[in-house]
């Protein structure tokens with residue numbers, strides 16, 4: 001049971017869900033959906049994560065033959081994901097949002113089993129355009145796109 005991927009993933013979701021709920025307990029809660037307060041979103045999201053975790057744990061217990069039993073750590077994916085987040089944090093203030101996103105996507109993609117330049121390039125272009133559209137254009141957050149270049 002403890003070697004089942006679904007069970008372990010469920011534990012992770014459950015832990016993050018409870019952590020979100022616990023972190024929001026000191027925030028004010030709204031009375032209705034029309035009168036929401038700051039504590040409602042993290043509490044709701046935490047409840048969804050916790051319920052999904054319970055579902056995955058039950059799935060891991062109930063159907064063990066559908067998932068492979070041993071679970072091991074893949075250090076390359078973990079390292080690449082952590083490196084991609086660090087790269088994004090380091091490059092964003094220095095080189096701008098576009099360069100930070102490009103570096104992040106390529107570093108994260110290196111952690112996968114198969115790395116295809118064309119697929120990663122298309123994903124990077126689409127997701128970078130999406131991020132710029134949402135965060136810079138729609139939400140008007142003051143990110144520099146490139147060093148010294150902002151959208152007004």
- For residues that are under 17 Å from the mean Cα position of the chain (by Cα) and crowded, with 18+ Cβ neighbours inside 10 Å, scanning just the stretch 7-37, find the one that is farthest from residue 59 (Cα to Cα). 20
- Message: Show me the helices (runs of 4 or more DSSP H) entirely contained within the stretch 34-140 in which 2 or more residues are without any contact (Cβ under 8 Å) to a residue 24 or more places away in the chain and assigned by TED's automatic domain parsing to the domain that holds residue 14.
- Response: 40-62
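The values are calculated or read from the model by the stated rules, or taken from the named source; none is laboratory data. Because the structure is a prediction, the values reported are computed rather than measured. A quick note on method: Cβ atoms are made from the backbone with ideal geometry, for glycine too, and the neighbour counts reach across all protein chains shown.
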